[in-house]
1. Leaving out ligands and nucleic acids, note down the accessible area per residue over the range 48-199 with a 1.4 angstrom probe, in whole Å².
2. Would you mind giving the three semi-axes, in whole Å and largest first, of the ellipsoid equivalent to the range 48-199 according to its Cα gyration tensor?
3. Divide by every residue of the chain the summed helix terms, -39500 (n - 2.57) for each DSSP H run of at least 4, and state the resulting mean residue ellipticity at 222 nm, rounded to the nearest 500 deg cm²/dmol.
4. List, in the order given, every pair from LYS228/LYS259; LYS70/LYS237; LYS163/LYS185; LYS163/LYS289; LYS70/LYS185; LYS228/LYS292 whose Cα-Cα distance in the structure shown is over 28 Å.
5. Gaussian network model of the chain, Cα springs within a sub-10 Å range: biggest mean-square fluctuation belongs to which of GLY242, GLY59, GLY136?
6. Mind pulling up the Rg/Rh value for the range 235-313? Radius of gyration and Kirkwood radius, both on Cα.
7. With springs connecting C-alpha atoms under 10 Å apart, model the chain as a Gaussian network and identify which of SER146, SER219, SER43 has the largest mean-square fluctuation.
8. May I ask for the angle, rounded to the nearest 10°, between helix 5-34 and the longest principal axis of the chain, with both axes built from Cα atoms and the value confined to 0 to 90°?
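The values are calculated or read from the model by the stated rules, or taken from the named source; none is laboratory data. Given the structure is predicted, the values throughout are model-derived calculations rather than measurements. Here the Cβ positions follow ideal geometry from the backbone for every residue, glycine too, while neighbour counts run over all protein chains shown. With ligands, DNA and RNA removed, areas are computed over all heavy atoms of the protein, side chains included. Shrake-Rupley method; radii C 1.70, N 1.55, O 1.52, S 1.80 Å.
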Amino acid sequence: MTISFNNFVRLLIYGGLLVLVLSELSQAYLNKGEFNGFDISNSLIPADEIHQGGPPRDGIPAIDRPRFVKAADATHVKNNEIVLGIELNGVARAYPISILNWHEIINDRIQEQSVVVSFCPLCGTGMVYLVDEREGFGVSGLLYNSDMLLYDRATESLWSQIKSQAISGPRQGEELNRLPVSHMKWSAWRAEHPDTLVLSRDTGHQRDYDQSPYLGYSSSERLYFPVKNRDNRYPNKESIIGLVQNGHSRVWPVSEIRKCDSPIRDSFNGEPVTIQFDEAADHAKITDKQGKLLDATRAYWFAWIAFYPDSELYQCNQER
């Protein structure tokens with residue numbers, strides 16, 4: 001059988017295309033295995049900057065049916081223990097870090113509103129999102145800039161916690177709607193919100209909530225995973241509070257806030273803001289000129305700089 005030159009060329013082209021398609025499918029299959037089964041083919045982040053955190057997908061189990069107790073019955077929470085506190089439609093709830101260290105995500109509902117509470121122990125960041133999905137979010141087991149990547153169970157899109165943005169999957173590029181969160185001692189939150197409910201240790205999982213799985217991490221300069229940007233002006237685990245708006249970012253190291261009398265009058269993105277720091281509560285908050293609480297982020301210095309290396313830096317110029 002003879003093959004014409006044109007048909008021979010077509011075979012070469014089709015054969016090459018077939019090899020290309022098979023190669024891409026093979027690579028996609030390998031990538032899904034490497035990235036805990038998630039498809040990152042359309043990722044906004046280079047694949048080599050996404051790291052395995054250790055546990056597999058859902059190896060750190062999210063809490064899907066959180067149970068709460070009244071403040072008066074919360075004997076499992078110590079007065080000086082840090083909680084993430086939120087208030088929504090007049091309902092106040094507190095989520096102890098001692099529990100979040102082991103679960104990282106809590107899928108909650110407050111008056112028919114789905115709420116996702118997230119905490120990344122490696123970055124010290126607690127963020128809360130208002131979502132439409134009843135399926136909830138889970139822990140992917142993947143990290144970017146040492147920060148957790150969440151995934152939504154409806155589409156399996158991966159989300160950067162600090163950026164609050166989907167980095168891959170069908171929802172790539174979308175952003176989550178954040179709710180301001182208070183990162184403070186339980187005694188202070190309880191005093192401000194006496195009717196608050198607090199997350200119970202009845203989580204459905206067997207964990208030693210009296211022990212941190214990251215013992216010594218917060219006081220060490222060591223990072224467990226690579227980050228894209230580094231800055232040695234402050235220690236890696238220096239506590240900061242940061243704001244981002246319309247591509248503009250500013251960071252207030254807590255050590256600088258402590259040097260100045262509170263409240264501090266400052267500006268952000270051309271607008272006046274007020275920074276208040278309560279030493280006893282270990283709580284920093286930022287409000288606008290109307291007194292509205294802004295969605296600021298409490299984090300470690302290294303984590304903020306990893307994502308926002310060009311942030312304006314606040315430094316106290318007050319003499320004492």
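1. Numbers: 5700 Å² over 152 residues.
Here the residues of the range 48-199 average 37 Å² of exposed surface.
2. Numbers: eigenvalues 141, 54, 33 Å².
Values for the range 48-199, descending: 27, 16, 13 Å.
3. On the way: 5 runs with 57 residues, N = 320.
Per the formula, -5500 deg cm²/dmol.
4. On the way: LYS228/LYS259 30 Å; LYS70/LYS237 33 Å; LYS163/LYS185 25 Å; LYS163/LYS289 25 Å; LYS70/LYS185 16 Å; LYS228/LYS292 33 Å.
Table pairs above 28 Å Cα-Cα are LYS228/LYS259; LYS70/LYS237; LYS228/LYS292.
5. Maximum fluctuation in the GNM of the chain, among the listed residues, is at GLY59.
6. Working: Rg = 11.8 Å, Rh = 12.7 Å.
Ratio value, two decimals: 0.93.
7. SER219
8. Relative to the chain, helix 5-34 is tipped by roughly 30 degrees.
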